[in-house]
Amino acid sequence: MQHEFEIRTQGPGLYELTADLRRWLASVGGLSSGLLTLFVRHTSCSLLIQENADPEVQTDLQAFFTRLVPPSDHPSMGYLRHTYEGPDDMPAHIKAAMMPVSLSIPISDGTLGLGAWQGVYLFEHRQAPHQRKILAHLSA
């Protein structure tokens, strides 16, 4: 069974979709165990399972990856050639190459097999708002 989620972003950051996944899983019903595979259909954002208890975790992750891969107009990034889509584009592709674009989450007793402090996030790497699509595949 497949479903496509759409996440509207408002610039860089982590956008939690755990509640959306839980609602969809509950609406499907009847699957006590299985595997949920998520795949983001874009090359400038990522998917993460990360702590969802303290928002500083998301802020610190965003700050770390911005520092690790600054915009292409930063002096340290002068070697980049793909710059015509803006100073955030190629760095977004680099970040997406470093982080997962797909996740596998076990389904146990009809629920996501996440830990107590885990949430599922889309990590947006671009500055402008985007409509992101995530394909979910649920298998028994």
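A short reminder: the numbers here are calculations on the coordinates, not readings from a lab. For clarity, every value in this text was computed on a predicted model and none was experimentally measured. With ideal geometry, Cβ positions are generated from the backbone for all residues, glycine too; neighbour counts draw on all protein chains shown.
You can think of it this way: the chain between residue 33 and residue 3 has 9.0 nm of extra reach, that is 0.36 nm per residue less the Cα-Cα gap. Considering all C-alpha pairs of the chain, those separated by over 20 Å amount to 48%.
The calculated FRET efficiency for residue 79 paired with residue 43, based on their beta-carbon distance and R0 = 22 Å, is about 0.65. Counting only Cβ charges, +1 for Lys and Arg and -1 for Asp and Glu, the dipole size of the chain around its Cα centre is about 340 debye.
Measuring r between the beta carbons of residue 56 and residue 116 and using R0 = 22 Å, the FRET efficiency lands at 0.80.
Normalised by the number of residues in segment 2-139, the mean separation of alpha-carbon contacts (under 8 Å, six or more apart) gives a relative contact order of 54 percent. For the pair segment 94-140 / segment 1-47, the C-alpha centres are spaced 6 Å from each other.
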